[in-house]
Amino acid sequence: MQIKNAKYLTYHLKEKLISKKYNLSNKRIFLHIPKTAGNSFITCIYNSFLQKEIYPNYFEKTILNKGNYLANNNLFENYEKRLIEKTWLLGHFDINFARSIWPNAKIYTFLRDPVERIISNIYHLKTKNENFKEIDIHDILTQFGPQMAFQQSRLLGFDIKKRNWNTVKKNIENLHFLGITEQYQRSLNLLNAMESWKGIESIQSNVGNYSKEEADHSILTRIRSMNIFDNQLYQFAKESFESRCSQYKV
């Protein structure tokens, strides 16, 4: 455990000793799409809300779940009991699963340039996982590219068989908060204008030092060709983001 995060465990233990009534009607879900600055945003959540209100809070995610989210099927089991005192739910799940848990919750998410996101994902594997360090990037794309491709679209409700773009666009428009990773600070400014959280800071976690500017042209071509759906989604999301910033004068 990093010392800088020990405060969250202290908060958790203190809150266990305090009797408090919760506003359970104000449910919020963070749809954490991998490699979109999600861990940085979770730091804002941890700094702004009681640990007891968040699932998983720092203690549950780091200690009980060994740094991971529960698998969706495990989360869904007895979720009403697990989430009885929670007002926040965080996880790598899709929007339909999120709504099956809390149908009327406010949903927050970040989206990222699709090429940048996949490059970040690949280099994360190569730097954090011993099994990938010596594997060529082209080989990683061949084996795992289909899983990485249009992940943002899928998590926002896209069905490749139905090509249900109107549904996905509506899902984006109905998001309570939409941030753009490439405009992370501006996204926090937007959130602050909307809700004035007390713990919003430009603290970034799990950040990699790599971008598409450093990638081989052939790699970029492969990623773009497999990521057409996310490219369309991202362009629409940026327009929605700009509209929201204009509304709040950010």
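How do 178-187, 51-60, 107-116, 160-169 rank on mean C-beta neighbours within 10 Å, highest first?
For the peptides 178-187, 51-60, 107-116, 160-169, the packing ranking is 107-116, 51-60, 178-187, 160-169.
Using the Cα centre of the stretch 125-174 as the reference point, and only Cβ charges (+1 on K/R, -1 on D/E), how large is the resulting charge dipole? Debye, rounded to the nearest 20. Show your work: numbers first, answer last.
Numbers: 9 positive and 6 negative charges, 80 e Å.
It works out to roughly 380 debye.
Please arrange 240, 100, 196, 153 by how many other C-beta atoms lie within 10 Å of their C-beta, fewest to most. Intermediate values should be presented prior to the final figure.
Details: 240 16, 100 13, 196 9, 153 23.
Ordered from fewest to most neighbouring Cβ atoms within 10 Å, 240, 100, 196, 153 come out as 196, 100, 240, 153.
Filter 170/238; 86/128; 106/170; 27/52 down to the pairs with a C-alpha to C-alpha distance above 20 Å, please. Before the final figure, lay out each step's value.
Details: 170/238 14 Å; 86/128 32 Å; 106/170 14 Å; 27/52 14 Å.
From 170/238; 86/128; 106/170; 27/52, over 20 Å: 86/128.
We did not get these values from a lab; they are worked out from the coordinates using the rules stated. As the structure is a computational prediction, the values presented were derived from the model and not from experiment. We place every Cβ from the backbone using ideal geometry, glycine too, and count neighbours over all the protein chains shown.
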